[in-house]
Amino acid sequence: MYNLLHRIPKGLEPLRNILEKHVQTIGSQTVEAAASAALNDPKLYVDSLLKVYKKYNDLVITAFRNDSGFVASLDKACRRFINDNAVCKAAKSASKSPELLARYTDLLLKKSAKNPEEQEMEQLLSDVMVVFKYIEDKDVFQTFYSKMLAKRLIHQTSASEDLEGVMIGKLKSTCGYEYTSKLQRMFTDMSLSRDLLDRFKTHADETQASLGVDFSILVLATGSWPLQPPSTNFTIPKELQTCEQLFQKFYQAQYSGRKLNWLHQLSKGEMKTNYISNAKTQYTLQASTYQMGVLLQFNHEESMTAEMIGIATQLTESALRTTLLSLIKCKVLVRDVPEEEEIEKHHKFSLNFDYKSKRTKVNINLPVPQQVKEDNDVTHKTVEEDRKWAIQAATVRIMKMRKRLNHANLISEVVVQLQTRFKPSITLIKKCIDILIEKEYLERVEGQKDMYSYVA
């Protein structure tokens, strides 16, 4: 068909339109067939998208001789079914594609027994970039990706720093330096932290200070890391206080004027069990700092009510409930009313002396589904807030240059300026214009309908 039609002026136009509609239909059908499973399976979702893209990309390269018109038709079709499909509708979110793509990238870059060879990994990361190219809400991908990268670096679960660098390089070449500048600063902070920890340990040895525990720390710059301040108070157990106070003193002596904020919700540690009925077995529990704060109370008490634990640790009701539920779920703690789901203040908790596990090293620091959902909601709210700032900044830049502009032209210029990062909604742009008028950056021109002027 191509060989026949390319001889006729404009003969290829109908074929391009047919290809575009066909790819869009097949793409939508492929995602719909896997929608219920793909909603919570990032690998299945991305594989479904790539299967369609690769099939029709091969067709464009071979049958249509990589003709630019057919490449454009394929691109339009892919952009449509990747940004608007059955999974996005099921999640009631146009931002589901970038979120699932970020989760898939996280699966690839995390340490795992299933990690493929490095050469294969580079190919898989290139496949990620194929889908990324079509994503409209690149800011959503950036926010999820940076949060997941932060977790990989903090918890040392990254499969390879080289591969992390490869991925950041790919994002940089597609979206520019600004898109990846914070991601690169995270790596700088990690190496600075390693040097700082070495200096602290040398200082502790020289001063013969006893830390009490094996202690390591990361000092991360607030502006570069997507980390939230703790949502709860927390009284650190006395077993951990010495090392924290010694480091604080050392750091203030090194850098006067800097303030350290402790993010205990991201910290973790290991504890050994010396209480199990079967004395031969000693387990090492890998726990969050909040879990450690709760468990260490039982060094002094046989059993405690939720209220007593709350007073001792100073955790808020919600943080305490989440921590206690995680400890009950992994059977380290038991309570006097096992059948009741909701935790009440008067419920009594004690150590499970008959605790058993197939492993001697047990990770009990596993997020509960509710926590994962809350994290997702917070991330989407962060994206919304960032978008408002981005729209306001773009509007001020345009108006500063133009001085005067009517409503329709201002909106179209804002869309053009931001479309590489996300597709701003007209309603949100209008809201941001109103905010800027309130803040006295812009004003409406009297006597002229829908005309704005810049207030210098």
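No value in this document is a laboratory result; all are computed from the given coordinates. These numbers come from a predicted model, not from an experiment. Every residue, glycine among them, receives a Cβ derived from its backbone with ideal geometry; neighbour counts consider all protein chains shown.
When the chain is fully extended, how far beyond the present Cα-Cα distance does Asp162 get from Lys381, taking 0.36 nm per residue of separation?
Values: separation 219, 0.36 × 219 = 78.84 nm, distance 3.15 nm.
Separation in residues times 0.36 nm, less the Cα-Cα distance, equals 75.7 nm.
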Mean separation of Cα contacts under 8 Å, 6 or more apart, over the residue count of the chain: relative contact order %:
10 percent
Once amide H atoms are placed 1.01 Å from N in the peptide plane, what residues at a sequence separation of 5 or more from Lys110, or on another chain, have their amide H within under 5 Å of its amide H?
Ala159
So the angle from the long Cα axis of helix 42-62 to the longest Cα principal axis of the chain, reported in degrees to the nearest 10, equals 30 degrees
Tell me, in nm to one decimal, what length is gained between Thr188 and Ala253 on full extension, where the rule is 0.36 nm per residue of separation less the Cα-Cα distance?
21.2 nm
Testing the spin-label approximation: label points 7 Å from Cα along Cα→Cβ at Met451 and Ile26. State their distance in nm.
5.4 nm
For the range 383-456 and the range 190-210, what is the separation of their Cα centres, given in Å?
50 Å
Quick one, which of [x] 1.22; [y] 0.94; [z] 0.99 is the actual Cα Rg over 2.2 N^0.38 Å calculated for this model?
[x]
Express in nm, to one decimal, how much length is gained between Asp198 and Val219 on full extension, taking 0.36 nm for each residue of separation and deducting their alpha carbon distance.
6.3 nm
Ser158, Ser68 arranged by Cβ crowding within 10 Å, fewest neighbours leading
Ser68, Ser158
Regarding the range 133-190, what are the three Cα extents along the principal axes, ordered largest first, in Å?
31, 18, 18
Which whole-Hz ³J(HN,Hα) couplings does the range 172-182 yield from phi under the Karplus relation 6.51 cos²θ - 1.76 cosθ + 1.60, θ = phi - 60°, glycine and proline marked x?
5, 5, 7, 10, x, 4, 4, 5, 10, 4, 5
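Can you compute the helix-only [θ] at 222 nm over the chain? Use -39500 (n - 2.57) per DSSP H run of at least 4 residues, normalise by all residues, nearest 500 deg cm²/dmol.
The per-residue figure over the chain is -19500 deg cm²/dmol.
Return the loop-located GluC sites (Glu not before Pro) in the range 56-141 (DSSP other than H, G, I, E, B) with at most 13 other Cβ atoms within 10 Å of their own Cβ; answer none if there are none. Provide the component values of the computation, followed by the final result.
Working: sites: Glu99, Glu117, Glu118, Glu120, Glu122, Glu136; in loops: Glu117, Glu136.
The qualifying sites are Glu117.
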What whole number of Å gives the distance from the Cα centroid of the range 246-313 to the Cα centroid of the range 38-75?
50 Å
Each label point is 7 Å from the Cα along the Cα-to-Cβ direction; what then is the distance between the points at Glu443 and Lys358, in nm?
7.4 nm
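Give me the percent of Cα-Cα pairs in the range 13-110 that sit more than 21 Å apart, rounded to a whole number.
Values: 1634 of 4753 pairs.
The share of Cα pairs beyond 21 Å in the range 13-110 comes to 34 percent.
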Please compute the modelled spin-label separation between Leu263 and Tyr177, points set 7 Å along Cα→Cβ, answer in nm with one decimal.
2.6 nm
Among Ser216, Ile236, Leu124, which residue has its Cα positioned farthest towards the positive end of the charge dipole of the range 110-241, with +1 placed on the Cβ of Lys and Arg, -1 on the Cβ of Asp and Glu, and the dipole taken about the Cα centre?
Ile236
What FRET efficiency do you get for Glu270 and Ala393 if R0 is 45 Å and r is their Cβ-Cβ distance, rounded to the nearest 0.05?
0.50
For the range 244-256, just list the computed ³J(HN,Hα) in residue order, Karplus coefficients 6.51, -1.76 and 1.60, θ = phi - 60°, integers in Hz, with x standing in for Gly and Pro.
5, 5, 4, 5, 4, 5, 4, 5, 5, 5, 6, 10, 6
Length-normalised contact order for the range 267-366 - Cα pairs under 8 Å, 6+ apart - percent
37 percent
